[in-house]
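Working notes, structure below.
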Amino acid sequence: MTQPKSDSSGRWFILAIIGVFVLGGLGVAIAVNQGGTDDVDNLAAVAPIEVAGDALPTMPQSVNITTSDTDPASGMKAPELVGTDFTGAEVSIKADGRPKVIFFLAHWCPHCQQEVPQVVRLSEDGSKPDGVDFYAVSTAVDASLANYPPARWLGNENWSFPIVRDNATSDAHEAYGQGGFPYTVYLDGDNNVLFRSAGALQPDVAIELWNLTAASAG
């Protein structure tokens, strides 16, 4: 009696096809998070972004860290941002009850190149408060300047927090007050501005601002 043919080869073929798609998607994630592959260079550095709400006043240039006395934006509700990360996944920055620290980063900025690994290092050693969410907005992109593309840079630095791509005219950065890079905006859970900082910060100062942001949650 002739045994029926096994369909195992067909099943293995289907599983192999599925594996290709799964590993392909994983490869994109690894490329963004770790850098070092040519795929990162093919990811769009800018993308459309939705900005909802009134723009914040320009950050005063006379101070590096604002207070309620020096910042006209203090207490104002920051605009909501809805955009995408480098893989095209949607990322939104909205009032959700959680305080936030938003880092506006330019790939060509030497101070940003100092700040990003510091933020990563401090986060890894437990200095980031659990009650605060970190975001990066990749902005002011210029392919003719150093350290391009930003996806490769942030991936190589092991930046693990959500990233939003600003558009070609840097509308998100403009809406948040156009502070000098690295520009950081600290928000309470209702997206109200607590304070803003411009330029790289010393580690102890950064940690203090993060803790003050966390404390705003009550």
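Points to keep in mind about this one:
Rundown of residues vs (1) among the aromatic types (Phe, Trp, Tyr); (2) surrounded by 20 or more Cβ atoms within 10 Å (Cβ to Cβ); (3) assigned to a helix (DSSP H, G or I), yes/no style:
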site	(1), (2), (3)
Gly179	no, yes, no
Tyr186	yes, yes, no
Asp190	no, no, no
Val193	no, yes, no
Trp210	yes, yes, yes
Ala214	no, no, yes
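- Selection count, segment 46-83, where residues are among the β-branched types (Val, Ile, Thr), over 28 Å from Gln202 (Cβ atoms) and crowded, with 17+ Cβ neighbours inside 10 Å: 3
- Residue check for Ala206: buried (at least 16 other Cβ atoms within 10 Å of the Cβ), aliphatic (A, V, I, L, M), at pLDDT 95 or above and under 18 Å from Ser74 (Cα atoms): no
- All positions within segment 171-218 that are more than 18 Å from Val116 (Cβ to Cβ) and polar (S, T, N, Q): Gln178, Asn191, Asn192, Asn211, Thr213, Ser216
- Every residue from segment 177-199 that is more than 16 Å from Thr67 (Cα to Cα) and out of contact with any Cys (no Cβ under 8 Å at 6 or more places or on another chain): Gln178, Gly180, Gly189, Asp190, Asn191
- Among residues of segment 160-171, those that are surrounded by fewer than 24 Cβ atoms within 10 Å (Cβ to Cβ) and either in contact (Cβ under 8 Å) with a residue 24 or more places away in the chain or part of a helix (DSSP H, G or I) (or both), counted: 7
- Pick from segment 16-45, criterion over 21 Å from Pro182 (Cα atoms), β-branched (Val, Ile, Thr) and surrounded by 12 or more Cβ atoms within 10 Å (Cβ to Cβ), ranking: modelled with the highest pLDDT: Val40
The values are calculated or read from the model by the stated rules, or taken from the named source; none is laboratory data. Keep in mind that this is a model prediction, so the values were computed, not measured. Please note: Cβ atoms are built from the backbone with ideal geometry, for glycine as well, and neighbour counts cover all protein chains shown.
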